[in-house]
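Heads up, the thing below is written out as structure tokens.
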Amino acid sequence: MPDYATLRVLWWAILGFLLIGFAILDGFDFGVAALLKLLGRNNTERKVLLEGIEANWEGNQVWFIVAGASTFAAWPMLYAVSFSGMYFAIALVLLALILRPVGFKFRDKVTDPRWVSLWDWVLVVSGVTVMLVSGVAFGNLFLGVPFAFDTDLRMRWEGGLLNLLQPFALLTGLVSTAMLLAHGACWAALKADHLIAARAVRMARMMTLAFAVLYVAAGVWVAYAIPGYAIIGPAVTDGMSNPLYKQVAVGSSWFASYLRYPWFWSAPLVALLGAVGVQALVGRRDLTAFIASSLMVGGTIASAGFALFPFLLPSSLDPHSSLTVWDASSSRGTLLLMLLAVIVLMPIVIAYTAWVYRVMRGRITLDQVKRDEPGY
Amino acid sequence: MIVIDADVVTLSRLQFALTALYHFLFVPLTLGLVWLLAIMESVYVMTGRAVWKRMVQFWGVLFGINFAMGVATGVTMEFQFGMNWAYYSHYVGDIFGAPLAIEGLMAFFLEATLIGVFFLGWQRISRVKHLLVTWFLALATSLSAVWILIANAWMQHPVGAQFNPATMRMEVTSFSAVFFNPVAQEKFVHTVSAGYVLGAMFVLSISAWYLLRGRNVDFAKRSMTVAASFGLAAALSVVVLGDASGYTVSLNQKMKLAAIEAMWHTEPAPAAFTVFGLPNVERRTTDYAVKIPWVMGLIGTRSVDQTMPGISELVDTARKRIDNGIPAYDAMLMLRQDKDNQQAQATLAAHGKDLGYALLLKRYVDDPRQATPAQIQQAADSTIPNVPVLFWSFRLMVACGFYFIALFALSFWKASWRTLDRQRWYLRLVLWSLPLPWVAIELGWIVAEYGRQPWAIEGVLPTALGVSSVSAGQVWTSLAGFMLFYSVLAVIDVVLMLKFARKGPDGLGIWPATQPQHEAP
């Protein structure tokens, strides 16, 4: 039986795993949707792109739902503070996530070109919104967000949507946008008719380059211009989940955890090697290139999570209120039960997801889309 | 000290009610229709007759539109706990989050992953494999309902948890008590049966319309036969299990039951059932009441000699529990200063079960320990839900339930004697009955959740304390956004549903009207 501290670290890892799973799987859906108008020059071409994600996007989106619900179950305070604090940012993502399913399903139900074009734009905008907002939100974690608890552990938040739009957060928003556009382009290169795939290859090259430059720039910014947070004194790792029991100092470096655990460097390394891999392979070995871009996505998210460790949500308003791995979790019983649920169920999920991808594999050609009957 | 804005409470409740009722326009149709698809496809695989495959494909088109709306509006539900109900999420996330997460892992993943294969996989996998996909899809939707209703049942009947003063929240003591909550089991069968009734009515009504127009006759008759038998079983189950959940409610939510019955005062056993009446909230009486002796006592207590407490008596009980909860609140504050204070620990252990009742006072006074007798009475009175709304919602729902049994029984009889297309009045009746299952289902949720007020978690956390520390302006903005956005989606959804239902299997090319049927390759 793992002890409380171990369970907390495991759940921190599971949260990371779910977020990375979401970013890799649903990320390419967002990327393809956002690139719909750039890669697809007419309706048939756009249909090819959409059919390439049609069979899988619904299951992919569940990664987000499950990441959210698992946060609710395992990190209830993180869920409560981030969702109510970043109110309008979350509302924007929500809006985008509602519009996508109906967009996919409604688009081809009416043949009027204005109708189709409207939904195409909806898909483009919702794709860009999610990529940008989630990147901005991640950036804000490094800056700290303005919340504080009273003794009832009721949270107070000062500031609105515009306060999230700090220059550094905008940069991380661009990092995530470039990253997922590249990732989406790699999927299109793998899945779409060769005519469209050729465009996707150019896009993937351009976007991985942009990603690498922006990512390194964000890293330099974090190293030189953003103070890190640190728990004062030895951290109590198996205490009660009450953030007010600890004290936090601001002013160290977010790279401190990289110095303490040198193997953390593997994450940014994987991210950049992934970008190199895409540059080298896309257009020639598309499946390998897609795996490389998946590594790029996973490495990037892991590198951010590693830098923040053990912090989950630092507070700029009252640093002592910051949520950490050691004081924002559920009780030991809940973490243990949920760990068992993940251990039993996740392999099954991965197995049937893999089966569905295998069944639906293969390039979607223009001819195939033209042949398909309209209607369903 | 953070002051809770009463407007935020009202607006957050309104937003939750509207988005939940809206979400549940789509969910029950998914729950019901998917089993009808599974039945039709099973017949197809067993007999190899193409007509059954076309039935699956045509009803599948409508299922798909509805499914997308259910998924889209379900995302809102999950986000909303964190956005508008942050303190709720903190206070009970330790217990409430688990069934939601397991729902995602066990059911929603399966459902959403397979739906793509259901629609696009006809040519890619064998018939039997496709049938398995459909069955798993049906299974997953029902599993999904299991876990969501376990979460919901815990709000009605919070078992297996206790308050922890160090973390200021409820924490799990027994997950098996949470998962095997008797309220969850009855709610599950009642809720999915209601979905099956809706799915059956949906197929029955649209098919009746084809028969009225003389279109797709063979297709429609077969669809009606399946829907009539499935619907009759479901309608019987929904009423019988509804009765069982009435009994369970009487065990732990006595106030909800008394309010549904507008039973203002305890009556001698066995209590009478009020069929009709006008509940008068001011005077605590029911005017013009028409009563059937004995029935309520039998439903509520399964006996002839146990009394059922009336609303006034339950208010007295609530006042006692508030009095009993105040020392628990005091002990909680002391434990915050000194977590090893043994006297406070003992007081919390003795009075902890009524801590939630002390929290009811928070609406009227900052510190419940300073409450005046008048404020305590006010808080006790606030435990009465809205009696007229519950009284009438419940009666309309039950009336619908009995109507469904009659209509499906009639349909089943006509299907058995192959006279479904004989009487036009019957077909019109079926067609115009289409909205009724939705009405009954929404009324059912109003009874269950509006009847739970003033509690978010019965006896544990008052709804008003559960909100986020957001401004009324923020909730107004998101509420206005949802109303606008959901209205547009509703219009599109209805237009598309009508468009495809009108086109029919013949118009969609799934069912060529003239040429004989051949097996699809």
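The values are calculated or read from the model by the stated rules, or taken from the named source; none is laboratory data. In this text the structure is predicted, and so the values were computed from the model without any measurement. A quick note on method: Cβ atoms are made from the backbone with ideal geometry, for glycine too, and the neighbour counts reach across all protein chains shown.
Is it the case, given these coordinates, that B:A68 is aliphatic (A, V, I, L, M), within 7 Å of chain A (Cβ to nearest Cβ) and either surrounded by fewer than 22 Cβ atoms within 10 Å (Cβ to Cβ) or free of Cβ contacts under 8 Å to residues at least 24 places away in the same chain (or both)? Steps first, please.
Working: aliphatic (A, V, I, L, M): yes; within 7 Å of chain A (Cβ to nearest Cβ): yes; either surrounded by fewer than 22 Cβ atoms within 10 Å (Cβ to Cβ) or free of Cβ contacts under 8 Å to residues at least 24 places away in the same chain (or both): yes.
So B:A68 passes the test.
Scan region A:174-189 and give yes if some residue there is at pLDDT 90 or above, within 30 Å of B:V495 (Cα to Cα) and aromatic (F, W, Y), otherwise no. Before you say what the answer is, go through the steps one by one.
Restricting attention to region A:174-189, the residues satisfying the condition of being at pLDDT 90 or above are A:174-189.
With the extra rule that they be within 30 Å of B:V495 (Cα to Cα), the set shrinks to none.
The answer is no, given that none of the residues of region A:174-189 is at pLDDT 90 or above, within 30 Å of B:V495 (Cα to Cα) and aromatic (F, W, Y).
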Unique residue being small (G, A, S), within 7 Å of another protein chain (Cβ to nearest Cβ) and either under 22 Å from B:A98 (Cβ atoms) or more than 17 Å from the chain's Cα centre (by Cα) (or both) when the list is A:G85, A:G40, A:G68: A:G68
Hits in region A:187-228 - residues which are outside any helix (DSSP H, G or I) and of a type in the set (G, A, S): A:A192, A:G228
Qualifying residue in region A:145-168 (condition: away from every other protein chain (no Cβ under 14 Å), part of a helix (DSSP H, G or I) and surrounded by fewer than 22 Cβ atoms within 10 Å (Cβ to Cβ)): yes
Some residue of region A:304-327 being at pLDDT below 95, of a type in the set (F, W, Y), in a loop (DSSP other than H, G, I, E, B) and within 19 Å of the chain's Cα centre (by Cα): yes
In region B:124-176, the residues that are farther than 30 Å from B:K353 by Cβ, touching a residue at least 60 places away in the same chain (Cβ under 8 Å) and more than 19 Å from the chain's Cα centre (by Cα): B:R127, B:V128, B:H130, B:L131, B:T134, B:W135, B:L137
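If you check B:E313 against the conditions, is it closer than 25 Å to B:A244 by Cα and of a type in the set (D, E, K, R)? Please lay out each step first, then the result.
Numbers: closer than 25 Å to B:A244 by Cα: yes; of a type in the set (D, E, K, R): yes.
Yes: the conditions hold for B:E313.
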Test set (1) over 26 Å from B:N252 (Cβ atoms); (2) out of contact with any Asp or Glu (no Cβ under 8 Å at 6 or more places or on another chain) - B:V295 fails condition number: (1)
Hits in region A:48-65 (condition: part of a helix (DSSP H, G or I), over 18 Å from the mean Cα position of the chain (by Cα) and within 13 Å of chain B (Cβ to nearest Cβ)): A:L50, A:E51, A:G52, A:E54
Among (1) crowded, with 16+ Cβ neighbours inside 10 Å; (2) facing chain B (nearest Cβ under 10 Å), the one test that A:T300 misses: (2)
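Out of all the residues in region B:41-48, is one or more within 13 Å of another protein chain (Cβ to nearest Cβ), polar (S, T, N, Q), part of a helix (DSSP H, G or I) and touching a residue at least 60 places away in the same chain (Cβ under 8 Å)?
Residues of region B:41-48 that are within 13 Å of another protein chain (Cβ to nearest Cβ), as a first pass: none.
Checked region B:41-48: no residue is within 13 Å of another protein chain (Cβ to nearest Cβ), polar (S, T, N, Q), part of a helix (DSSP H, G or I) and touching a residue at least 60 places away in the same chain (Cβ under 8 Å).
Find the residue count for region B:360-392, including only residues that are in a helix (DSSP H, G or I) and under 30 Å from B:E442 (Cα atoms). Reasoning before the result, please.
Within region B:360-392, the first condition is being in a helix (DSSP H, G or I), and the residues that meet it are B:360-363, B:368-370, B:373-381, B:387-392.
After this cut, where a residue has to be under 30 Å from B:E442 (Cα atoms) as well, the list is B:360, B:363, B:379-381, B:387-392.
Looking only at that region, the number is 11.
If you go through region A:240-257 one residue at a time, do you hit one that is closer than 15 Å to A:I24 by Cβ and under 21 Å from the mean Cα position of the chain (by Cα)?
In the first step, residues of region A:240-257 are kept if they are closer than 15 Å to A:I24 by Cβ; the result is none.
No - not one qualifying residue is present in region A:240-257.
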Helices (runs of 4 or more DSSP H) wholly inside region B:165-281 that include at least 3 residues being touching a Lys or Arg at 6+ places or on another chain (Cβ under 9 Å): B:182-213, B:217-252
Unique residue being under 30 Å from B:V197 (Cβ atoms) and either acidic (D, E) or in contact (Cβ under 8 Å) with a residue 12 or more places away in the chain (or both) when the list is B:D381, B:D366, B:D421: B:D421
Residue selected from region A:88-114 under the condition more than 20 Å from A:W57 (Cβ to Cβ) and within 10 Å of chain B (Cβ to nearest Cβ), by the criterion farthest from the chain's Cα centre (by Cα): A:V110
